[in-house]
1. What residue, among those in region 1-55 that are β-branched (Val, Ile, Thr) and touching a residue at least 60 places away in the same chain (Cβ under 8 Å), is nearest to residue 65 (Cα to Cα)?
2. How many residues does region 16-47 contain that are within 25 Å of residue 89 (Cα to Cα) and open to solvent by 30 Å² or more (accessible area, probe 1.4 Å)?
3. Pick from 104, 76: which is in contact with a Gly (Cβ under 6 Å, 6 or more places away or on another chain) and in contact (Cβ under 8 Å) with a residue 12 or more places away in the chain?
4. Look at region 1-55 and say how many of its residues are at pLDDT below 90, within 19 Å of residue 73 (Cα to Cα) and part of a loop (DSSP other than H, G, I, E, B).
5. Evaluate region 48-68: report whether one residue or more is more than 14 Å from the chain's Cα centre (by Cα) and under 26 Å from residue 112 (Cα atoms).
6. Just to verify a result, which residue in region 56-70, among those that are in contact (Cβ under 8 Å) with a residue 24 or more places away in the chain and outside any loop (DSSP other than H, G, I, E, B), is most open to solvent (accessible area, probe 1.4 Å)?
7. Just the residues that are within 17 Å of residue 82 (Cβ to Cβ) and without any contact (Cβ under 8 Å) to a residue 12 or more places away in the chain, please, taken from region 109-121.
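The values are calculated or read from the model by the stated rules, or taken from the named source; none is laboratory data. Since the structure is predicted, the reported quantities are computational estimates derived from the model, not experimental observations. Counting neighbours? That spans all protein chains shown, and the Cβs are built from the backbone with ideal geometry, glycine included. Protein only, heavy atoms only, side chains kept; ligands, DNA and RNA dropped before computing areas. Shrake-Rupley method; radii C 1.70, N 1.55, O 1.52, S 1.80 Å.
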Amino acid sequence: MISTVEKVLFLKGVDLFSAIPGEDLSQIAQIADEVDLDAGELIFKSGDLGDSLYLIVAGKVRVHREEQEIALLGERQVFGEMALLDSEPRSASVTTVSDVTLLRIQQEDFADILSEKSEIAQGIIKVLIRRLRGQLDKQK
Ligand code: CMP
């Protein structure tokens with residue numbers, strides 16, 4: 001079980017939240033729920049409705065469509081933000097590659113912090129751009 005203090009220390013190391021002061025991070029830590037999963041578990045599948053985003057505290061997950069791998073994500077990376085932001089179905093499936101510990105933030109809570117903290121909105125834009133650039137590089 002991760003304590004609130006440990007969650008705050010973890011959040012400080014996540015790009016998305018790096019510009020957020022400590023006291024605000026403890027507010028975010030309180031709305032972030034720990035999720036522990038074994039290797040090989042499907043977290044959600046492409047086409048599902050999405051009401052949460054996830055931060056990877058430990059372990060690795062695979063983003064895929066059927067058997068086609070789109071990305072491998074590890075510690076301090078975020079996933080599940082897309083469906084949360086545009087309310088469209090999940091763009092891909094995500095399955096654990098190892099045992100993982102995640103922090104889950106629900107849509108309504110995230111919408112609140114997003115509207116209060118423009119730094120987080122900027123962080124999300126950076127994540128999306130990085131992923132777009134990654135996809136473009138793959139096509140080279
Ligand atoms: P969402 O569409 O909610 O659910 C699937 C998630 O996979 C998506 O949010 C992103 O978090 C992640 N994802 C989709 N495409 C990529 C990509 N090209 N690189 C890394 N992660 C991705």
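1. In this case the residue turns out to be 35.
2. So the answer is 14.
3. Result: 76 is the single residue among 104, 76 that is in contact with a Gly (Cβ under 6 Å, 6 or more places away or on another chain) and in contact (Cβ under 8 Å) with a residue 12 or more places away in the chain.
4. 1
5. Yes, region 48-68 contains at least one residue that is more than 14 Å from the chain's Cα centre (by Cα) and under 26 Å from residue 112 (Cα atoms).
6. 65
7. 111, 114, 121
One line per residue, one yes/no per condition, for (1) near the ligand (Cβ under 7 Å from one of its atoms); (2) open to solvent by 80 Å² or more (accessible area, probe 1.4 Å); (3) charged (D, E, K, R):
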| residue | (1), (2), (3) |
| --- | --- |
| 72 | no, yes, no |
| 76 | no, yes, yes |
| 80 | yes, no, no |
| 83 | yes, no, no |
| 92 | yes, no, no |
| 100 | no, no, no |
| 108 | no, yes, yes |
| 112 | no, yes, yes |
